[in-house]
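So the structure is just underneath, and the comments pick up after that.
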Amino acid sequence: MTSHALIRAEHLSKAFDVSKPWLERTLSGEGRRTLSAVSDVSFDIAAGETFALVGESGSGKSTIARLVVGLHAASGGRIVFDGLDIADPASARQFAAERRRIAMIFQDPYASLNPRWRIGDIIAEPLYAFDLVKNRDEAQARVDELLRLVKLDPLDGVKFPHEFSGGQRQRVAIARALASNPDVIVCDEPTSALDVSVQAQVLNLMRDLQDQFKLTYLLISHNLAVVRHMATRVGVLYLGRLVEVAPAKTLFANPRHPYTRMLLAAVPDLHLVGRARTAVQGEIANPIDLPPGCAFHPRCPLANGRCTSDIPQLISRDGADIACHAVEEGRE
């Protein structure tokens, strides 16, 4: 990890109690059940970069996004933002003053916008929440500026969300995220709900805004084409654990972990037309009842006895960090 990281996650864990109600448990004799969504995850994000988290559904990507912005409280570990532990009561007041520096773009642009509010009021809400404007005229001028930044007309501010297309609604969500002048924007599947024809426009807008305002992105995505286009570094998650962390160019050119290789092998590629392809094999395990050892071993072609008993730790190999016994032992 770098010493100048803007965001640092240290041994982050999150478990959810998914037990049945007390009476049902008592009558059936069942105990409590816990879903381990995130387990011992550590990473850092330097200022100005895009760090992407990828993996199948259920891998813990969105849970980590919500932990970073404070929508969930961590069960273990901590998140440090610009030197402040966001969960430490001793730094709570100081972090509250810095809270505006972290914003979020949600997956569904329609569900994340209040359908009864006009677009101008939606974008202006952070301005009032963080006391960034003195009066309504100043707020209106800032809203108009933000709408222009995301390639919308200031006159659109009087409309309601249902009057826009999906791509336009996501531009509104981006404008709202920019309203608080953030340093970090957490992007939770920002284009997955959009038509393919619109995705590239939104992604290019996000890159332009990143360059213009020196933004730092935590990008959550299952779309490796999006990650390849946007990311500086990539973390691959499987059942709540990081299995590989590498610069984007390194990961796409030379994936080391068997799960990463399996994901990349399933991505369409014009250069591989006519060649046999390896689909992602098997089903992701139940996070309530995780397999012992490496959680990926039931699907891994390189698994041996050690993989079924010992949880692999991240090791450095050729500029990447990989959690795999096969890589550590040179069996890949």
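The values are calculated or read from the model by the stated rules, or taken from the named source; none is laboratory data. Predicted, not measured: the structure shown is a model, and the values here were computed from it. Using ideal geometry, Cβ is built from the backbone for each residue, glycine included, and neighbour counts are taken over all protein chains shown.
Please verify whether E49 is without any contact (Cβ under 8 Å) to a residue 60 or more places away in the chain and among the charged types (D, E, K, R), treating the condition exactly as stated.
Criteria not met by E49.
Just name the residue that is surrounded by the fewest Cβ atoms within 10 Å (Cβ to Cβ) out of those in the stretch 1-36 that are basic (K, R) and assigned to a loop (DSSP other than H, G, I, E, B).
In this case the residue turns out to be R32.
What number of residues in the stretch 114-144 are surrounded by fewer than 19 Cβ atoms within 10 Å (Cβ to Cβ) and of a type in the set (A, V, I, L, M)?
Number of matching residues: 4.
List the number of the failed condition for R118; all other conditions in (1) out of contact with any helix residue (DSSP H, G or I) (no Cβ under 6 Å at 6 or more places or on another chain); (2) over 30 Å from D17 (Cα atoms); (3) not hydrophobic (A, V, I, L, M, F, W, C) hold.
Of (1) out of contact with any helix residue (DSSP H, G or I) (no Cβ under 6 Å at 6 or more places or on another chain); (2) over 30 Å from D17 (Cα atoms); (3) not hydrophobic (A, V, I, L, M, F, W, C), only one is false for R118: (1).
Could you check how many residues of the stretch 91-107 are touching a residue at least 60 places away in the same chain (Cβ under 8 Å) and of a type in the set (D, E, K, R)?
Result for the stretch 91-107: 2.
When the stretch 173-197 is examined, which residues are found to be touching a residue at least 12 places away in the same chain (Cβ under 8 Å) and either in contact with a Pro (Cβ under 7 Å, 6 or more places away or on another chain) or more than 25 Å from D121 (Cα to Cα) (or both)?
A173, R176, A179, S180, S192, A193, D195, listed by residue number.
Which ones in the stretch 80-125 are assigned to a strand (DSSP E or B) and not acidic (D, E)?
V80, F81, L84, I102, A103, M104, I105
Please determine whether any residue of the stretch 60-77 is closer than 27 Å to A225 by Cβ, buried (at least 19 other Cβ atoms within 10 Å of the Cβ) and touching a Phe, Trp or Tyr at 6+ places or on another chain (Cβ under 7 Å).
Looking for residues that are closer than 27 Å to A225 by Cβ, buried (at least 19 other Cβ atoms within 10 Å of the Cβ) and touching a Phe, Trp or Tyr at 6+ places or on another chain (Cβ under 7 Å), one finds none in the stretch 60-77, hence no.
Please pick out the residue among D88, D121 that is within 18 Å of L178 (Cα to Cα), more than 21 Å from the chain's Cα centre (by Cα) and without any contact (Cβ under 8 Å) to a residue 12 or more places away in the chain.
Exactly one of D88, D121 is within 18 Å of L178 (Cα to Cα), more than 21 Å from the chain's Cα centre (by Cα) and without any contact (Cβ under 8 Å) to a residue 12 or more places away in the chain, namely D121.
Tell me which residues, restricted to the stretch 47-78, are assigned to a strand (DSSP E or B) and closer than 15 Å to P190 by Cβ.
Listed by number, the residues that qualify are T50, F51, A52, L53, V54.
It is to be established whether one or more residues within the stretch 203-216 are touching a Gly at 6+ places or on another chain (Cβ under 7 Å), modelled with pLDDT of 95 or more, buried (at least 22 other Cβ atoms within 10 Å of the Cβ) and closer than 23 Å to V143 by Cα.
Yes, the stretch 203-216 contains at least one residue that is touching a Gly at 6+ places or on another chain (Cβ under 7 Å), modelled with pLDDT of 95 or more, buried (at least 22 other Cβ atoms within 10 Å of the Cβ) and closer than 23 Å to V143 by Cα.
Among the residues of the stretch 145-163, is there at least one that is under 25 Å from F95 (Cβ atoms) and surrounded by fewer than 21 Cβ atoms within 10 Å (Cβ to Cβ)?
For the stretch 145-163, residues under 25 Å from F95 (Cβ atoms) and surrounded by fewer than 21 Cβ atoms within 10 Å (Cβ to Cβ): absent.
Against the condition touching a Lys or Arg at 6+ places or on another chain (Cβ under 9 Å) and modelled with pLDDT under 95, how does A265 come out, does it pass?
When the stated conditions are applied, A265 passes them.
Under 6 Å by Cβ, and 6 or more places apart or on different chains, what pairs join a residue from the stretch 221-236 that is farther than 13 Å from T260 by Cα with one that is of a type outside the set (A, V, I, L, M) and at pLDDT 95 or above?
M230/T50; A231/T50; T232/E49; T232/T50; R233/F51; R233/P247
Considering only the stretch 283-318, state which residues are at pLDDT below 90 and of a type in the set (G, A, S).
Passing the criteria: only A285.
Anything in the stretch 145-164 that is part of a helix (DSSP H, G or I) and either farther than 20 Å from R100 by Cβ or in contact with a Ser or Thr (Cβ under 8 Å, 6 or more places away or on another chain) (or both)? List them, or say none.
Of everything in the stretch 145-164, those that are part of a helix (DSSP H, G or I) and either farther than 20 Å from R100 by Cβ or in contact with a Ser or Thr (Cβ under 8 Å, 6 or more places away or on another chain) (or both) turn out to be R148, P154, L155, D156, G157, V158, P161, H162, E163.
Do you know which residues across the stretch 235-261 are under 17 Å from A326 (Cβ atoms) and surrounded by fewer than 20 Cβ atoms within 10 Å (Cβ to Cβ)?
Answer for the stretch 235-261, where residues must be under 17 Å from A326 (Cβ atoms) and surrounded by fewer than 20 Cβ atoms within 10 Å (Cβ to Cβ): N254, R261.
Return the residues of the stretch 46-59 that are farther than 16 Å from L237 by Cα and surrounded by 23 or more Cβ atoms within 10 Å (Cβ to Cβ); say none if nothing qualifies.
Residue satisfying the conditions is T50 alone.
Step by step: first the residues of the stretch 280-317, then only those that are part of a loop (DSSP other than H, G, I, E, B) and touching a Cys at 6+ places or on another chain (Cβ under 6 Å), then the one that is surrounded by the fewest Cβ atoms within 10 Å (Cβ to Cβ). Which residue is that?
G293
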